[in-house]
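Reviewing the structure listed below.
The values are calculated or read from the model by the stated rules, or taken from the named source; none is laboratory data. Not measured: the values here are computed from a predicted model. We place every Cβ from the backbone using ideal geometry, glycine too, and count neighbours over all the protein chains shown. Protein only, heavy atoms only, side chains kept; ligands, DNA and RNA dropped before computing areas. Shrake-Rupley method; radii C 1.70, N 1.55, O 1.52, S 1.80 Å.
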Amino acid sequence: MTWVNLTSMEQLDEIKNSSGFSLIFKHSTRCSISMMAKKNFEYNWEVIPEDTKLYFLDLISYREISNQIAEIFQVAHQSPQILLIKDGDCVLESSHSDISPEEVAEVIAA
């Protein structure tokens, strides 16, 4: 699996308007907790179906996009944070030590 870097508002529109599942990982490159959450997530991410689009947001470089994510999907800003989007709606939001690829896979399978 590989990340797609989320760097534009157009990509955010695509996520909002696409069918199926997309995942956004919001990461602070200045935070050791965020770095550990990302590493732990990537260690077991093979449990997530391969057709799930995985987006990576460097929220230090793209703070405006991070703010739009919070507004569009009606979630409080956190870092690190994952949002699982299905058919344009956020169906799972987790942050910090609650970030789990297994939980993402369970929600997708349900």
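Mind checking which lysines have their Cα closer than 24 Å to the Cα of residue 16? Skip sequence neighbours fewer than 8 apart in that chain.
26, 38, 53, 86
Give me the tail of P(r) for the chain as a percent: Cα-Cα pairs with distance above 20 Å.
When every Cα pair of the chain is considered, 31 percent fall beyond 20 Å.
Give the ranking of 19, 28 by solvent-accessible surface, highest area first, calculated with a 1.4 Å probe.
Largest accessible area first, the list is 19, 28.
Over the heavy atoms of residue 7, what accessible area does a 1.4 Å probe trace out, to the nearest 10 Å²?
Accessible area, nearest 10 Å²: 60 Å².
Run the quick spin-label model on residue 98 and residue 8: label points 7 Å from Cα toward the beta carbon, then report their separation in nm to one decimal.
Roughly 3.3 nm, to one decimal.
Starting from the residue with the highest accessible area, list 97, 79 in decreasing order, probe 1.4 Å.
From most exposed to least exposed: 97, 79.
Calculate the dipole size of the chain relative to its Cα centre from +1 charges on Lys and Arg beta carbons and -1 charges on Asp and Glu beta carbons; express the result in debye to the nearest 20. Display every interim value, and only then the final one.
Details: 8 positive and 17 negative charges, 87 e Å.
Using only the charged Cβ atoms, the result is roughly 420 debye.
For the range 16-99, which GluC sites (Glu not before Pro) pass both filters: DSSP loop (anything but H, G, I, E, B) and at most 14 other C-beta atoms within 10 Å?
Hits after loop and neighbour filter: 50.
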